[in-house]
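The values are calculated or read from the model by the stated rules, or taken from the named source; none is laboratory data. Because the structure is a prediction, the values reported are computed rather than measured. Cβ coordinates were reconstructed from backbone atoms using ideal geometry, including for glycine residues, and neighbour counts include every protein chain displayed.
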Amino acid sequence: MSDITITPELTMEDVLRRAPAAQRALFQRYHVGGCSHCAFQPTDTLGQVAKDHNILDINEMIATILQAEELDGKIQVEPTVVKEWLDRKEDFTFLDCRMPDEWEKASIEGAERLDYDDSSRYMSLPKDHRFVFLCKDGDRALSVASYFIGHQFTNVLSMRGGLDAWRETVDPSVPEYE
């Protein structure tokens, strides 16, 4: 499994720093942390969050976090690999899941903006079609990739580090923005 250590005594801030996938995993599995009703404070301990949400098995909760972190690692692809695929004109859909205003500030040639209003366009593709998602820093892309995986797509990847990593490792001319 993972070499990350998560204990009930850790604050949620520490849990999320060690295992960023915890945010998605806790919401998907336990409906924790996704809205104001199920929110937690960064200073709350994982044990307190479990108690507040009537989660009886803290070890299962920790295992869920570690498994999500491991799965996130398996679906991430390096920007240099994506660049190689683009250069070789491999068959895949490269989708930028940033908002239109972000897209206008900076984009990657070969990526298309994800059309959130017409998901049927993507959902009608074969379930083994390769998708690579990107965002600014890689986090949003992991969430979108997880959504597609949840819809039974089997060849879904997220570009590690997003546009920021692309700028650092592939093309420094891509504009930086906040």
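Here are some conditions: (1) more than 17 Å from the chain's Cα centre (by Cα); (2) under 19 Å from P175 (Cα atoms); (3) in contact (Cβ under 8 Å) with a residue 12 or more places away in the chain. L86 meets all but one. Which one does it not meet?
(2)
Considering only the stretch 47-118, give the helices (runs of 4 or more DSSP H) lying wholly within it that have at least 1 residues that are under 30 Å from E176 (Cβ atoms) and among the aromatic types (F, W, Y).
79-87, 100-105
Would you be able to say whether some residue in the stretch 167-177 is crowded, with 22+ Cβ neighbours inside 10 Å, out of contact with any Cys (no Cβ under 6 Å at 6 or more places or on another chain), touching a residue at least 40 places away in the same chain (Cβ under 8 Å) and under 23 Å from E102 (Cα atoms)?
No, every residue in the stretch 167-177 fails to be crowded, with 22+ Cβ neighbours inside 10 Å, out of contact with any Cys (no Cβ under 6 Å at 6 or more places or on another chain), touching a residue at least 40 places away in the same chain (Cβ under 8 Å) and under 23 Å from E102 (Cα atoms).
Scan the stretch 58-82 for residues that are under 19 Å from V132 (Cβ atoms), crowded, with 17+ Cβ neighbours inside 10 Å and more than 16 Å from the chain's Cα centre (by Cα) and jot them down.
Once the filter is applied, which keeps residues that are under 19 Å from V132 (Cβ atoms), crowded, with 17+ Cβ neighbours inside 10 Å and more than 16 Å from the chain's Cα centre (by Cα), the stretch 58-82 yields only V82.
Which condition number does E60 fail, the rest of (1) acidic (D, E); (2) touching a residue at least 60 places away in the same chain (Cβ under 8 Å); (3) under 24 Å from I4 (Cβ atoms) being met?
(2)
Counting just the residues of the stretch 109-124 that are surrounded by 14 or more Cβ atoms within 10 Å (Cβ to Cβ) and out of contact with any Phe, Trp or Tyr (no Cβ under 6 Å at 6 or more places or on another chain), which one comes out nearest to A165 (Cα to Cα)?
Per the criteria, the residue is L114.
Out of (1) closer than 24 Å to Y147 by Cβ; (2) outside any loop (DSSP other than H, G, I, E, B), the odd one out for C38 is which?
(2)
Taking only pairs six or more apart or across chains, which ones have beta-carbon atoms under 8 Å, a first residue in the stretch 9-33 that is more than 19 Å from G150 (Cα to Cα), and a second residue that is at pLDDT 85 or above and of a type in the set (D, E, K, R)?
Hits for this filter: L10/R18; T11/D44; M12/D44; A19/E69.
Give T45, T7, T11 a once-over and let me know the one that is surrounded by fewer than 15 Cβ atoms within 10 Å (Cβ to Cβ), more than 21 Å from the chain's Cα centre (by Cα) and of a type in the set (V, I, T).
T7
Quick one: would you say A111 is modelled with pLDDT under 95 and touching a Leu at 6+ places or on another chain (Cβ under 8 Å)?
No.
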